[in-house]
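Working notes, structure below.
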Amino acid sequence: MSKFYDFTVHIVGEIQSDVQSLVQQADNLEKARKSKDRNARQEAEKEIEEIHQRMLKGADASIVYLFLTTIPEANADGFRSTWQKDTLAHKDKPLQQLRDWKLEDFYKSAFEQPKIDLSLLPFGAWFLQFTFTLAKPYISKDDNPFYIIDNPIVRDKVFRLPMIRPTSWKGNLYAALWQLGHDKQDDAQMQRLFGETRGEESGQAGRLYFYPTFFTQTGLEIINPHDRKRRVGKNPILFECVPAGAQGTFSLLYVPFDLIGEPKSKIHTQALADLQLVAEGIKEMMLTYGFSAKRTSGFGVAQDSVKSETEPARLVIKLTGVTFSQANPLSVQQPDVEFQKYLDENGQVKTVFKGSGEGGLMSNNEYKQTGAQHGGGSLSEFKKFRDWYIQYGEQWKNSLQRGQTRSEYPQTSFDSLSPLVELCQNLQNNATNGGAA
């Protein structure tokens with residue numbers, strides 16, 4: 001608490017001169033209004049707006065706003081209005097901050113899409129991952145008491161990115177399955193998936209492991225409760241949100257740890273049955289019931305399409321004797337042999353071939369000057385490599401990070417959520433007909 005106090009004192013000290021200017025301009029504005037001096041009023045309004053913008057860029061908006069509320073002449077609501085317009089105009093500000101800090105690549109590799117190696121996990125484990133697009137805004141409620149509005153969105157503690165916590169995913173998936181008629185109270189399958197609390201010694205964790213979802217866009221929603229008699233809005237309420245159209249990645253790992261040592265046929269049967277039930281719940285959660293605060297009002301639902309140019313939606317399962325009868329093979333566009341000279345072992349472009357051209361690679365002129373000196377081929381070959389890398393480079397890099405071991409297991413990709421349940425049903429039917437190893 002003392003560190004937060006020191007930080008607040010430091011921020012307040014830095015904005016003192018701006019606060020004094022703001023009070024002075026507020027006084028000028030009031031005088032101009034009384035005298036009906038239009039030019040003076042416009043000049044004062046312009047100065048106030050410039051001061052607000054300067055405060056937004058140089059200090060924490062929440063601390064500035066809370067401090068201004070202690071000075072009636074400073075018009076804290078005016079500062080909040082400026083913050084509101086700035087938030088709506090710069091929805092991708094979280095992404096821009098990552099770029100300013102040169103952490104965008106780190107975010108994508110370590111946060112955006114978790115990488116799982118099933119070879120390290122028990123027989124019967126499976127992993128489901130897809131990138132979804134919000135069809136309606138996503139709303140959540142953070143517990144931050146020091147914020148510029150009363151309804152801030154949940155953010156991670158390090159980069160301050162909007163996020164969906166693993167516990168939120170778990171609760172929303174359970175709620176969707178409950179809507180479909182499943183309940184832990186009398187359903188053994190639900191108990192093994194979500195776990196049960198039966199005291200400190202007899203409780204058991206569930207088989208599902210959820211990962212957080214991060215977003216790089218923010219926006220604002222205004223909810224305006226209406227008076228029942230007059231049928232007009234009263235006291236509009238601001239909610240920070242992730243706007244419609246933003247993308248996030250859903251990642252879910254299933255580990256049947258409680259079946260270790262059991263016959264493979266039993267693991268086989270339960271793993272596939274659990275997969276089918278979970279797929280049904282995920283589809284309904286994403287497309288129908290939602291996964292957001294105020295989801296009964298339509299917030300927090302996703303589009304059906306889960307296409308992604310850099311990382312396809314995928315399901316991989318550590319079982320033998322099964323195949324996906326209706327599936328898209330999960331393949332990666334590998335680089336041609338001659339392209340390997342431009343890449344390191346992690347699939348990254350070697351530093352010597354990076355430049356100011358498209359995709360962060362050398363331009364044609366840059367390559368003509370130094371490309372051959374660093375072991376590159378002809379310019380035409382480099383152009384072909386550059387085109388390949390722009391289209392498939394991220395996918396290739398991600399496939400190397402996931403590790404080659406996952407190709408040993410049945411896997412599939414899919415373009416939308418609608419056929420997910422049928423895809424898993426076909427897998428189970430195939431396994432039933434073919435038998436478990």
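Some points to look at:
- Tally, over segment 69-108, of residues that are more than 28 Å from GLN20 (Cα to Cα) and among the small types (Gly, Ala, Ser): 0
- Search result, residues across segment 155-165 that are touching a residue at least 60 places away in the same chain (Cβ under 8 Å) and not in a loop (DSSP other than H, G, I, E, B): PRO162, ILE164
- Flag not set for GLY321, criterion: in a loop (DSSP other than H, G, I, E, B) and free of Cβ contacts under 8 Å to residues at least 40 places away in the same chain.
- Pairing residues of segment 70-97 that are free of Cβ contacts under 8 Å to residues at least 60 places away in the same chain and assigned by TED's automatic domain parsing to the domain that holds ARG54 with residues that are part of a loop (DSSP other than H, G, I, E, B) and of a type in the set (S, T, N, Q), at Cβ distances under 7 Å and at least 6 apart in sequence or on separate chains, gives ALA76/THR69.
- Of the residues making up segment 116-141, those that are more than 15 Å from the chain's Cα centre (by Cα) and in contact (Cβ under 8 Å) with a residue 40 or more places away in the chain number 13.
- Test set (1) modelled with pLDDT under 90; (2) under 23 Å from ARG54 (Cβ atoms); (3) under 23 Å from the mean Cα position of the chain (by Cα); (4) polar (S, T, N, Q) - ASN75 fails condition number: (3)
- For PRO152, the criteria (1) over 17 Å from PHE239 (Cβ atoms); (2) in contact (Cβ under 8 Å) with a residue 24 or more places away in the chain; (3) in a loop (DSSP other than H, G, I, E, B) hold in every case but one, which is (1).
- Candidates LEU173, LEU177 - the one that is outside any strand (DSSP E or B) and farther than 16 Å from THR249 by Cα: LEU177
- Every residue from segment 96-122 that is out of contact with any strand residue (DSSP E or B) (no Cβ under 9 Å at 6 or more places or on another chain) and crowded, with 16+ Cβ neighbours inside 10 Å: LEU98, GLU104, LYS108, LYS115, PRO122
- Meets criteria (within 22 Å of LEU103 (Cβ to Cβ) and either assigned to a loop (DSSP other than H, G, I, E, B) or at pLDDT 95 or above (or both)) for ARG230: no
- Among the candidates ARG33, ARG38, ARG54, ARG80, residue that is closer than 30 Å to VAL242 by Cα, surrounded by fewer than 16 Cβ atoms within 10 Å (Cβ to Cβ) and modelled with pLDDT of 90 or more: ARG54
- Scanning segment 360-398 for residues that are loosely packed, with under 14 Cβ neighbours inside 10 Å and not in a helix (DSSP H, G or I) returns SER363, GLY375, SER378.
- Across segment 1-29, the number of residues qualifying as charged (D, E, K, R) and either in contact with a strand residue (DSSP E or B) (Cβ under 9 Å, 6 or more places away or on another chain) or under 19 Å from ARG80 (Cβ atoms) (or both) comes to 1.
- Scanning segment 342-359 for residues that are surrounded by fewer than 19 Cβ atoms within 10 Å (Cβ to Cβ), touching a helix residue (DSSP H, G or I) at 6+ places or on another chain (Cβ under 9 Å) and either polar (S, T, N, Q) or not in a loop (DSSP other than H, G, I, E, B) (or both) gives ASN346, GLN348, VAL352, LYS354, SER356, GLU358, GLY359.
The values are calculated or read from the model by the stated rules, or taken from the named source; none is laboratory data. Just so we're clear, the structure is a prediction, and the values are computed from it rather than from any experiment. In this analysis, Cβ positions are derived from the backbone assuming ideal geometry, glycine residues included, and neighbour counts consider all displayed protein chains.
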